[in-house]
There are 2 protein chains.
Amino acid sequence: MPAKKNAKVPKGTRDFDPQEMAIRERAFSIVTSVFKRHGAVAIDTPVFELKDILVDQYGEDSKLIYDIADQGGEILSLRYDLTVPFARYLASHRITNMKRYHISRVYRRDQPSIERGRFREFYQCDLDIAGEYPSMVPDSEILKVLIELLQELSSVSEFHRRRLGNYVVKISNRKILDGVFKVCGVEEKDLRPISSSIDKLDKMAWEEVKKEMVDAKGLDEGVADAIGELVRKKGYPKELLAELKTNSKLVESCGTGFEEMERLFQYLESMNILESFSFDLSLARGLDYYTGVIFEAVLMSDETSVGSIAAGGRYDHLVGKFSRREVPCVGCSLGIERVLTIMREAELEMVAEKGGKIRVPEIDVYVGSPSSGERLLNERMRICSSLWEASIRCELNYSLNPKMNRQLEYVGKQQIPLLVIVGEDELEKGVVQLKDLAKKKNHEVKFEELVASIKTILEPIEA
Amino acid sequence: MPAKKNAKVPKGTRDFDPQEMAIRERAFSIVTSVFKRHGAVAIDTPVFELKDILVDQYGEDSKLIYDIADQGGEILSLRYDLTVPFARYLASHRITNMKRYHISRVYRRDQPSIERGRFREFYQCDLDIAGEYPSMVPDSEILKVLIELLQELSSVSEFHRRRLGNYVVKISNRKILDGVFKVCGVEEKDLRPISSSIDKLDKMAWEEVKKEMVDAKGLDEGVADAIGELVRKKGYPKELLAELKTNSKLVESCGTGFEEMERLFQYLESMNILESFSFDLSLARGLDYYTGVIFEAVLMSDETSVGSIAAGGRYDHLVGKFSRREVPCVGCSLGIERVLTIMREAELEMVAEKGGKIRVPEIDVYVGSPSSGERLLNERMRICSSLWEASIRCELNYSLNPKMNRQLEYVGKQQIPLLVIVGEDELEKGVVQLKDLAKKKNHEVKFEELVASIKTILEPIEA
C-alpha cells in the first residue's frame, strides 16, 4: 500500500469552509452592488499571463511573482494584481474607454502573516476607469466609490461599524512627490528608487528610511534631510495645499500636480466626501506604474492607523506598454481579505452577543419518516423530488431505519423550519404530516397539496 | 523606449468581456440555486495544490497537469479538477460527511479546441456527497441534481430548450465493467489499462480500440472479442439489467455491481427520472479513482450524441489516500463551458429573432446638462452623489462641454430609462428636468425630491 499523501494546503493559502464562503458571498455582493451602481461592468482574465507582460511592472516586488514551470510552450506567470491584466486587456481588445470591475484572486510569494490577513493567494476587488476624460473627473468618481465601499461594508451592523467605520484616505500625487524629490536635488534616474524608500515610511522610522536612502542608494545626506522636511507634511487637503503653494520653487517643480489636486479637492467637496481625506506627502505607493493621483485608505483606531484596506491611483502609461495607443486610467483596489477578516470578527461577536448562528446551509424542509422500511425511503424520494421540482429547498432522511428523535434533533440544530413526516399510515391515506416547528403546529396534508401548503407557510418567513 | 509587450493571452485561455460575464453570471446563478435547493454548501480551495496530491490520480491524463516553477519552497501544481481537492479538503479538516458544491476554474495542458469549447483554463461546477450512507441513496440524489441542472438550464427560453433539452445520461458501474473484463479473461493488473482503451469507444471505432488493446496492451485477441461482445450492449436500464442477469458467470464476477444497479434504478424510478438514463456497458470514464456507479450526460441531436456535458461517479477510496479514515463519496461535475457556449448561441439567436440586446451595464439614470460650464460638472457630481447614496444606479456626463444630442444618443443606445438634466436656469430655481424616456414625459423636480421621484418611476419597471 502506498504511503498516505500529506493533506496540507500550500504555504500561505487556505481552504474556505461553508461559513467563510457565506461571509465572502455577502461581502462580494455589497462590493458588486456598489460597483454596478456606478455603471461598471465585469470582466475576467486568465489566472496566468505571459511572463513578459508582468516583467518590470512592480518595482522591487517583482521577485514575488509565481512562475509556471516550463513544460514546453509559452513562459507564464500567475497574475500579481488585476491592474496589469486590465491594461493588457484594453490593449488586446483595442478598447479606449471602459469602466470595469474585476473581483478575482491574485498571487504573491510574500511572507504570509495570518494575523495581518496576508496570504499568498488572495482576492482583490478592483474598479478602474479607462479613457480620455477631463482632468480629475474619473479620479473623483473612483474616490467616491472607495468611500461608498467603506461606508456600506461598515453599515452591515453596529459591530461592523465599530471595526470598519473609522478610516482616513491618504491622498497625494506622483507629480508632487517627484517634484519634492527634484526640488530637493534628486536626479531623474533616482526618482523611483527614492520613492520606494519613502513608501516604507508607514512601517519604518524616518531615521531608518534615511539610512536606506543614504547608505544603500547613495543619496546625499543634505538632500535626504530636505526630503524629510517635506514628506512629513500632512493635513487637511485645502489647508496643506495652500501652505505648499507658497513654495513657488516646489510648485514649479511639480508640473500640473498642484492644479490637479486643487481641482480634485473641489470635486471631492462637491461629492461631499472631502472630510474623509488627508493630503499626505509621505504617501508614495510601491508600484512603478502610477503617474498622477495616488491614495491609500487606512483603518484608524483612535488616532492610530491599524493598516491599509484599499489603495490606488492614476496610471496613464501602462496601456502604452502593450499598445501604440495610450489609454489613461485610474483605479482603486479594495484589500478585501483584510476587510473579510474584520467582518468575520464582527459577525462572530454579533452572534455571540445576540445568539443564533451564521446559518449555512439554508434548507426549508426536511422529509423524514417515523419508522423503518425501505418502501418509505422511496416515498421520501418521491416527495422530495416533487418539492425540488417546485424549487423548494429540502433534504430527505437517507436512512433505511430513521429514528424520530434523531430527526427532530437534526432539524432543531440546523434551524430547519418545516418537517414532513411520511409513515405507513400516512402512505395508506395518501397524506403526510407537515410540522411547522416555529409555530409548533401540525397539519395533515394530502400529497397533491403539499407544495401549496409549504409555500403558504414559507412565504411570510421569506418576506 | 522599450519594445511593446505582446498583449496576447496564453494559449488555450481567454478574457471574458462584460457580455460573456453577464451570461456566466446567469448560468452560475441557476446552477447554484439547484445545488442550494438540495442543501449543498459551498467551499473553495487554493488554485494550486502540493504536486504530490495530484500525482497518480488521473491515469494517462496526468501529463496534462500544469506545474508551478520551483522558486524555492514547496513543489506545486495547478488543480486539474475539483474532485481530488475535495478529497484532500475532507482529509485536511477530518470531515466525514458533507454535501458540498464547488464552482471554480481548473487547468489542463490539453490541445485547445475553441469550436468544441475545450480550453486550458475552464470552470467546473461540482456537487459531491461524502459520507457513509445506505447504498445508492446519495448516488440517486446526485443523479436527480444532474437532471434538474439540465432541465433548468434548458428552460431559460425556447431557444435554450431547442439546444439543451435533448439529452441522455449513460450510466454504468465500475464493478460491472471490471466484472465484464474479468469474466472475459483480463488479469487484475490489466483492468485499468483496458478500461482506458474502452473509454475511447465514444471517439474511436471498435476495431481501433481492439487494435490498441491487442497491439499496444498485449491483450489476447479472443479476450478482446469477448469484451467487444459485452461492452457494446446498451439500452433501457431495467431491460438490459434483466438480460445481463441471465449470465450467471457475469453476475458472480461483478460482486455487488448488479445489486447496486437494481437498487439505483428503483430509486431513479421513485424520483421519476429513470427514463432519462441509458444503461451502457461501453461507459468506462478515464479517471482512475472511480469505484462504483459512473455516468455521463450527453447532448443528443436526433439520435446522435453531440458531446458530453456532465459526468461523475462514486469514488470510495480517494479520501483514504490522504487519511487513515476512508470517506466514501459520489459526485457529478457539470461541463459548464460547453453549456455556456450553447447558451451564448441561444441568447444570440433569441436577440436576433426578438430584437433588443444582451444589456450590460444596467444603469437607471444618466445625469447631464444642456450647456457648457464647469460649475455644472460640480452640480452633476453633487446630484449623482445623492443618487448613489440612495442606491440608485446612475452615471454622470464627465464632459466640461456636454452636448445635448450626444447625451440623448448615449442614453438611447444604452437603453437608460431616465435622464436628469441640470442647467444654469434649473440651478437658479433649485430644480432639475427629469425625463422619463420610455413614457416620453418630462418632469421638473426639486433637488430635494429627486430621489423620491426617481424611485416612484423606477419601481414599476423593476417589479
Exercise for review: Could you list, in sequence order, all residues of segment A:336-353 that are of a type in the set (D, E, K, R), within 18 Å of A:Ile103 (Cβ to Cβ) and open to solvent by less than 40 Å² (accessible area, probe 1.4 Å)?
Suggested key: A:Glu337
Exercise for review: Scan segment A:106-153 residue by residue and report those that are surrounded by fewer than 21 Cβ atoms within 10 Å (Cβ to Cβ), aromatic (Phe, Trp, Tyr) and at the interface with chain B (Cβ under 9 Å from one of its Cβ atoms).
Suggested key: A:Tyr133
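Within the group A:Ser399, A:Ser386, A:Ser371, A:Ser391, which residue is open to solvent by less than 60 Å² (accessible area, probe 1.4 Å), small (Gly, Ala, Ser), in a loop (DSSP other than H, G, I, E, B) and within 14 Å of chain B (Cβ to nearest Cβ)? Spell out the reasoning first.
On the way: A:Ser386 fails: in a loop (DSSP other than H, G, I, E, B); A:Ser371 fails: within 14 Å of chain B (Cβ to nearest Cβ); A:Ser391 fails: open to solvent by less than 60 Å² (accessible area, probe 1.4 Å).
Residue meeting the stated conditions: A:Ser399.
In segment A:304-317, how many are open to solvent by 40 Å² or more (accessible area, probe 1.4 Å) and more than 14 Å from chain B (Cβ to nearest Cβ)?
In the first step, residues of segment A:304-317 are kept if they are open to solvent by 40 Å² or more (accessible area, probe 1.4 Å); the result is A:304-306, A:308, A:317.
After this cut, where a residue has to be more than 14 Å from chain B (Cβ to nearest Cβ) as well, the list is A:304-306, A:308.
Of the residues in segment A:304-317, 4 are open to solvent by 40 Å² or more (accessible area, probe 1.4 Å) and more than 14 Å from chain B (Cβ to nearest Cβ).
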Check your understanding: Taking segment B:15-43 as the region of interest, how many residues are under 16 Å from B:Met343 (Cβ atoms) and among the charged types (D, E, K, R)?
Key -> 5
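Per-residue answers, yes or no, for (1) out of contact with any His (no Cβ under 7 Å at 6 or more places or on another chain); (2) free of Cβ contacts under 8 Å to residues at least 24 places away in the same chain:
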position	(1), (2)
B:Val293	yes, no
B:His317	yes, no
B:Met343	no, no
B:Lys354	yes, yes
**Study point:** Matching residues, segment B:318-338, being within 14 Å of chain A (Cβ to nearest Cβ), in a loop (DSSP other than H, G, I, E, B) and either of a type in the set (S, T, N, Q) or within 18 Å of B:Ala284 (Cβ to Cβ) (or both)
**Key:** B:Leu318, B:Ser323
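Quickly run through segment A:364-375 and pick out the residues that are closer than 21 Å to A:Gln414 by Cβ and more than 37 Å from the chain's Cα centre (by Cα).
Of all residues in segment A:364-375, those closer than 21 Å to A:Gln414 by Cβ come to A:364-370.
Passing the criteria: A:Val367, A:Gly368, A:Ser369, A:Pro370.
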**Study point:** Residue ID - modelled with the highest pLDDT, chosen from residues in segment A:429-451 that are farther than 16 Å from A:Arg382 by Cβ and under 41 Å from the mean Cα position of the chain (by Cα)
**Key:** A:Asp436
Check your understanding: Which pairs have Cβ atoms under 6 Å, sit 6 or more apart or on different chains, and link a residue in segment B:28-48 that is of a type in the set (Gly, Ala, Ser) to one that is part of a loop (DSSP other than H, G, I, E, B) and open to solvent by 10 Å² or more (accessible area, probe 1.4 Å)?
Key -> B:Gly39/A:Pro361
Practice item. Go through segment A:171-183 and count every residue that is open to solvent by less than 40 Å² (accessible area, probe 1.4 Å) and either within 19 Å of the chain's Cα centre (by Cα) or among the aliphatic types (A, V, I, L, M) (or both). Key: 4
Exercise for review: Within segment B:415-430, identify whether any single residue is open to solvent by less than 10 Å² (accessible area, probe 1.4 Å), assigned to a helix (DSSP H, G or I) and within 14 Å of chain A (Cβ to nearest Cβ), and answer yes or no.
Suggested key: no
Point to revise | Residues being over 16 Å from the mean Cα position of the chain (by Cα) and at pLDDT 95 or above - total across segment B:135-157 | key: 8
Check your understanding: Among the residues of segment B:236-253, how many are open to solvent by 80 Å² or more (accessible area, probe 1.4 Å) and not hydroxyl-bearing (Ser, Thr, Tyr)?
Key -> 6
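Only one residue in B:Gln414, B:Gln407 is of a type in the set (S, T, N, Q) and modelled with pLDDT under 90. Which one?
B:Gln414
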Review point. Using beta carbons and a limit of 7 Å, which pairs, at least six apart or on different chains, have the first residue in segment B:226-237 and assigned by TED's automatic domain parsing to the domain that holds B:Met261 and the second one crowded, with 19+ Cβ neighbours inside 10 Å and part of a loop (DSSP other than H, G, I, E, B)?
Key: B:Leu230/B:Leu281; B:Val231/B:Leu281; B:Val231/B:Ser282; B:Arg232/B:Ser282; B:Lys233/B:Leu281; B:Lys234/B:Leu281; B:Lys234/B:Ser282
Exercise for review: Taking B:Ile103 as the residue in question, decide whether it is surrounded by fewer than 23 Cβ atoms within 10 Å (Cβ to Cβ) and either more than 23 Å from A:Lys51 (Cα to Cα) or of a type in the set (D, E, K, R) (or both).
Suggested key: yes
Point to revise | Candidates A:Thr83, A:Thr96 - the one that is open to solvent by 20 Å² or more (accessible area, probe 1.4 Å) and modelled with pLDDT of 95 or more | key: A:Thr96
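The values are calculated or read from the model by the stated rules, or taken from the named source; none is laboratory data. Keep in mind that this is a model prediction, so the values were computed, not measured. For neighbour counting, all protein chains shown are included, and Cβ atoms are generated from backbone atoms with ideal geometry for every residue, glycine included. Remember, those area values only see protein heavy atoms, side chains included, never the ligands or the DNA or RNA. Shrake-Rupley method; radii C 1.70, N 1.55, O 1.52, S 1.80 Å.
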